[in-house]
Each structure stands twice: as C-alpha cells, then as structure tokens.
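The structure under discussion appears below in the form of structure tokens.
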Amino acid sequence: MTEIRVFNPANPTELVWSGAATTPAELVEMTRASRVAQKAWGRLDGRARHTQIAAFLDAVQARREALAERMVLEQGKLQGEALGEVTKSLVEARWMLGRCLESTGTIMASARPNMRAMRVKRPRGVVLAITPWNFPVLTPMRKIVPALVFGNAILVKPASDAPGTALLLQEAARETLPEGLVLVVLGGAQVAGAAITSVDVDAVTFTGSTDTGKKVMALAAEGLKEVSLELGGKNPAILHDPFDLEDALDHVVRAAFANGGQRCTAISRVLVHENLRNAATAGLISRISALRPGAGAEAGATLAALSNRAQFDRVCTFVKDLDPTETNVLTGGSVADRPGGGYFFEPTLVEVIDPQSKINFEEVFGPVLGLEFYSNINDAIKRANAPEYGLTASVFGTDIQALRQFEEEIEAGMIHVNHGTFPDENMPFGGWKASGVGAPSVGQDADQFFTRIQAVYEGV
C-alpha cells in the first residue's frame, strides 16, 4: 500500500490529509464498474440526465465552503480565490448542463430511395480525467460535467497534492448519481499510467505540463485512445497604445498574479511599447510590490502560496539562476520573509534585456512576470510568438490596424483584446503548438471530445 500525505503549503509541518493510493486490483474493479454504469447512463434520454446532473450540481453547491476550505489547506489558495473557484466551476457547469437538451443527431440527404441517413453523436464511453493541483475543483468539474452531459462515465485522477477536493466531488456524485459513474482514482504516475492503458478506458483528458502531456499521449496511443491535452503556456500581454494605461496595468497584474501565478493562462510576459516605458514600468512596480503573500483568510493577503515544495523550489531556482547580463530584477526576486515560513515567494518583476533569455521561453508557474520593450507591432507579435507555447495572449490598444494584426497573426488558442486572460464559460478552452492537442474539453466544442460520430443508414 502506498500512502499519500498532503501538507499545508502555508505551514508545511501541518499534515492536512493522508490516505492510500488506489491499488492495481482496485483500479481494475473501478474501471469495470465505470463501464457498467456508463452503459446504463448512455442509454438515458438527455432530459433524464439533465435532472440527475442538476441534483449533482446542487450537492456540489452545498459543499461550497467545505471545498474552499479543503483548497486552502491542500493547495494554499486565498480563501476568496477558493470560494470564487467553486462559484466559477458551477457557473460553467450549469451552462454546460443545458447541452443535455440539445439534439444529438442530424438527418442527412441520401441519394438512395427509401433510405434515411443520419449523423448521430454517441458517448465516448469511459473517460479518464487527469487533473492538476492548481485548480483542484475547477479543472475536475470542467471534465466531470461535460462527460456526464454527453452520456459518459468518468474516472478522475487528481494530483496527489490535492486529493481531498476530488473526494468531496465524488461524495456529491455518490449522493445524486448512479454508482460507478464518477469515481476518483488516487496515486502518482504509476497509477495514472495503469489507468490510461486500461482496456475499460476509452478516452483520456489531461491538464498539466507539456512534458507530462507528451507521456500521457504516448501511453494513450498504445490503445489508439482519443486524447485531449490542455498544456502549459508562456502567455504574453502587449501594451501597445491603451486608452487607459492604468486600467490595462490592473488587468495585467491580476492576470499575472492570481492564484500565485499558478495558472496555465497567467500572463507571464508583458511587452510594452517604448513610448510607455517609464509610465508602465513605474505602474507595474507599484502594483506588484504592493501585493502581500498570505494564507487563507489572513488579513491583507493578496498573493497565495506556492502549492507544494517542488514548485516552490523550482521558482526559487529559476529566479536565482537568471543571468544578470540578460535580465534585471526590478522588484521581488526572493523568498518572502513571513513568520512561520511556508512556500511563499515575493511577487517579482524582471526586466528582460536579452530577448533570448530563458524567462521568455520557460514556463515559471509562479509569481514572476517578465517585462520587455518593443518599437513596433511587428516586433511585438514576433516576440510574442517565439516560445513553443500558444495558449493565450492579450493586447491593449486603440490602433485598430494593430489590433487586427494581433488577432490575425498571434499563435494562440485564446486571445483577448483590451482584456486580461480570463475565459468565459461558453468559449473553447485550449491552446495551439505545445499548449494543447485535440478537441477542447470545455465550452461550446466539448462534444468533439466527449462524443464520437456514427453514420447511420436506416432503410424505411
């Protein structure tokens, strides 16, 4: 038996959860139970599924405070961010719920007499969802609800750093849904690998790092299983000629430092037009230096802890190893000095001197923002597109020609004009290049992953 132990990121000596990883025998039993549950669930009319999923969402809502508390303890979120995450997950889920009532088929033209040709959407079957530690409620819910809506069963393998929230979601499911329809698998890479290759798993949706995503894809390919990979980002914001610079800076800082910068959609680079150099630099320093690291509901806290020791060490090492000939730390850059310790890093702004510096290409996943300057929009877009990632990007400006050029040329799955990198519930969520593979599991296009198309020829 492998034991999982989770410690509070704000107080690493405090054990907040412990339990056993799923054994190979238990995994076999769970995948088989999911198969049985899916067969019955997939045959239900969409209206019947709507009623039961709505009850599940009500049960999640009833656990809002418990879920938020668990996130604060396991993941290190600020309490307000944790409560907001649950709320956002339910907003997205209730929008997705409406898709239960949509048509699942289309009658097509047929060249043959007495023949009805139909294009029908069928459930994938049993879906495996591998989810990260940074959004332990939002990300699982983004996979659980669409899976259920389109007639699938789902196994959720949460990060070992944040299992408690997933177990609360499973509890809500067992209270309202057929047994076996939503099950939680616990463990590390070995358990995830066994689940991916299980004969009873039909598709895999993964959210996490690009390197791990490649391993997931390789394992899924052995069984020719459908995959949806939502991966990392190195997301730029371009400050070209904003109508209101102060408002634009507010958007950038919120998008860069929410959840301690531990968002795949976080702005991690800000490219500023030379005309705005002094004002933008001063505004960013002022805003970033005012952020206060803290835990949970701690008074005055505006910046969350890094969620685990490995990520804390990674951020510390990344900043420490920056080449001073390529970069200049303008504010922050060190471990936050807080009574009681914890995985807190100062909110950091780094001026980029050399565009080839690693800070322009490597995902930090922490409270670190790179700042660089450009002279024209062509240069800005070229720099923005330079990394291997293409998840999301923002531009702030009034020059219509420049904004249109940004929209047409930026290489990212999600782009924002005069807005930070926060997505809406009904929009596709996914990246280009090394930021994603396959159909998105979120938004209007989620059916592309959670269903498969069947051509039906019916003689009449």
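Brief remarks on what is shown
- Rounded to whole Hz, the Karplus (6.51, -1.76, 1.60) HN-Hα couplings of segment 303-317, x for glycine and proline: 9, 6, 6, 6, 7, 7, 4, 4, 5, 4, 4, 5, 5, 4, 5
- Nearest-ten-degree value, helix 245-257 long axis tilted from longest Cα axis of the chain: 60
- The separation of segment 360-435 from segment 89-168, counted between C-alpha centres, amounts to 28 Å.
- Angle between the chain longest axis and helix 210-222 axis [Cα atoms, degrees, rounded to 10]: 20
- The modelled label-to-label distance for the pair Ala109/Ser334, using points 7 Å beyond Cα in the direction of Cβ, is 7.3 nm.
- Estimated FRET transfer efficiency (Met118, Ala25; beta-carbon r; R0 35 Å; 0.05): 0.25
- Here Glu14 and Lys215 are evaluated by their C-beta separation; at R0 = 41 Å the FRET efficiency comes out at 0.80.
- Taken along the Cα-to-beta-carbon direction at a fixed 7 Å, the label points for Tyr457 and Leu167 span 5.4 nm.
- Near Ser228, the amide H atoms lying under 5 Å from its own belong to Val204, Thr205, Phe206; only residues 5 or more places off or on other chains count, and H is placed 1.01 Å from N.
- Taking a ≥ b ≥ c as the square roots of the eigenvalues of the Cα gyration tensor, segment 235-428 is prolate, since a/c reaches 1.5 or more and a/b is larger than b/c.
- Restricting the calculation to alpha carbons of the chain gives Rg and Dmax of 23.0, 80 angstrom.
- Cubic angstrom per residue, convex hull over Cα atoms of segment 185-310: 156
- Gain upon complete extension [Leu224, Lys39; 0.36 nm per residue less C-alpha separation]: 64.5 nm
- Thr87 paired with Asp354, simple spin-label distance in nm, labels 7 Å along Cα-to-beta-carbon: 4.6
- Degrees, to the nearest 10: 163-176 long Cα axis against longest axis of the chain: 30
- Zone of Asp58's modelled label, taken as backbone nitrogen in segment 160-174 under 16 Å from a point 7 Å along Cα→Cβ: 172-174
- Restricting the chymotrypsin sites (Phe, Trp or Tyr not before Pro) of segment 388-438 to loop positions (DSSP other than H, G, I, E, B) with no more than 14 neighbouring Cβ atoms within 10 Å leaves nothing.
- Computed from the C-beta positions of Ala48 and Lys382, the FRET efficiency with R₀ = 60 Å rounds to 0.70.
The numbers here are math on the coordinates, done by the rules we state, and not lab data. These numbers were taken from a predicted model, which means no experiment stands behind them. Here Cβ is always computed from backbone atoms with ideal geometry, including for glycine, and neighbour counts include all displayed protein chains.
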